[in-house]
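What follows is a set of notes on a single structure, which appears directly below.
The values are calculated or read from the model by the stated rules, or taken from the named source; none is laboratory data. Nothing here was measured: the structure is a model prediction, and the numbers come from that model. In this analysis, Cβ positions are derived from the backbone assuming ideal geometry, glycine residues included, and neighbour counts consider all displayed protein chains.
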Amino acid sequence: MSWTHRRVDAKTRRAAWVMALLLAAYPPSRLPAQKPDTTQVRPPTVAARADSSKKHITPVGATWRSFLIPGWGQAYTGRNVEGAGFVVFEGVAIMMIVRAAQELDYMEATGSDSNNVAGKRQQIQDWAVLLGFNHLFSAAAAYVAAHLMDFPKEIKIRAVPRGVGVSFPLP
């Protein structure tokens, strides 16, 4: 039985080598001796403006977007990781409010101690305040992100032996 297993394995290896050689020997789409076809006339290309590829958003627009849905303004200005952080915190805060509300309902239904019920109500209020601050901080961060959209990303700040060094390219 081991002999047939080795033989099948050897056949499989041989077939893999043949397939690899065939794939490696495939000629390119254009041989070096062939010249490009110059009979077709191509229309001249128009150079696009440098600003046409960027989305332009006003700082107030980004602020309102992130105030309504935290992270939306950051995502629109190209700061996706920052926006995702605000979205994640929003989800955590909402989940904690729902969980604390369910626990409060259970405590009230079972007639729990009034101190525990008051503490659970305080927990719901705390998470609601954090949810509101998440909206405010997200709006403020989107405002700053919209102002910094045109800021060149090539600027680098590095630590040097006697302080901080800043380098940026000149046009």
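Confirm whether Thr58 is surrounded by fewer than 16 Cβ atoms within 10 Å (Cβ to Cβ), over 17 Å from Phe133 (Cβ atoms) and either touching a residue at least 24 places away in the same chain (Cβ under 8 Å) or of a type in the set (Val, Ile, Thr) (or both). It is true that Thr58 is surrounded by fewer than 16 Cβ atoms within 10 Å (Cβ to Cβ), over 17 Å from Phe133 (Cβ atoms) and either touching a residue at least 24 places away in the same chain (Cβ under 8 Å) or of a type in the set (Val, Ile, Thr) (or both).
Tally up the residues in region 87-113 that are among the polar types (S, T, N, Q) and not in a helix (DSSP H, G or I), please. Spell out the reasoning first.
Here is the first cut: in region 87-113, the residues among the polar types (S, T, N, Q) are 102, 110, 112.
Subsequent filtering for residues that are not in a helix (DSSP H, G or I) retains 112.
So the answer is 1.
Selection over region 87-110 of residues that are at pLDDT 95 or above and aromatic (Phe, Trp, Tyr) gives a count of 1.
For region 104-113, the tally of residues that are out of contact with any Phe, Trp or Tyr (no Cβ under 9 Å at 6 or more places or on another chain), surrounded by fewer than 16 Cβ atoms within 10 Å (Cβ to Cβ) and not aromatic (Phe, Trp, Tyr) stands at 6. Just one of the listed residues (Arg158, Arg162) is surrounded by fewer than 12 Cβ atoms within 10 Å (Cβ to Cβ), among the charged types (D, E, K, R) and in contact with a strand residue (DSSP E or B) (Cβ under 6 Å, 6 or more places away or on another chain), and it is Arg158.
When you look at Lys156, is it at negative phi and out of contact with any helix residue (DSSP H, G or I) (no Cβ under 8 Å at 6 or more places or on another chain), yes or no? Before you say what the answer is, go through the steps one by one.
Values: at negative phi: yes; out of contact with any helix residue (DSSP H, G or I) (no Cβ under 8 Å at 6 or more places or on another chain): yes.
So Lys156 fits the description; yes.
For region 65-82, the candidate set comprises residues that are assigned to a helix (DSSP H, G or I) and aliphatic (A, V, I, L, M); within that set, the residue that is farthest from His147 (Cα to Cα) is Leu68.
Looking only at region 114-135, decide whether some residue is loosely packed, with under 11 Cβ neighbours inside 10 Å, assigned to a helix (DSSP H, G or I), modelled with pLDDT under 95 and hydroxyl-bearing (Ser, Thr, Tyr). The answer is yes, given that some residue of region 114-135 is loosely packed, with under 11 Cβ neighbours inside 10 Å, assigned to a helix (DSSP H, G or I), modelled with pLDDT under 95 and hydroxyl-bearing (Ser, Thr, Tyr). Here is the figure for region 126-156: residues that are more than 22 Å from Ser66 (Cα to Cα) and not acidic (Asp, Glu) total 4. Pairs meeting the criteria (first residue in region 65-87 and on the phi > 0 side of the Ramachandran plot and in contact (Cβ under 8 Å) with a residue 24 or more places away in the chain, second residue surrounded by fewer than 23 Cβ atoms within 10 Å (Cβ to Cβ) and β-branched (Val, Ile, Thr), beta carbons under 8 Å, at least 6 apart or on different chains) are Gly71/Val87. Among residues of region 136-171 being among the basic types (Lys, Arg) and part of a strand (DSSP E or B), the one that is modelled with the highest pLDDT is Arg158.
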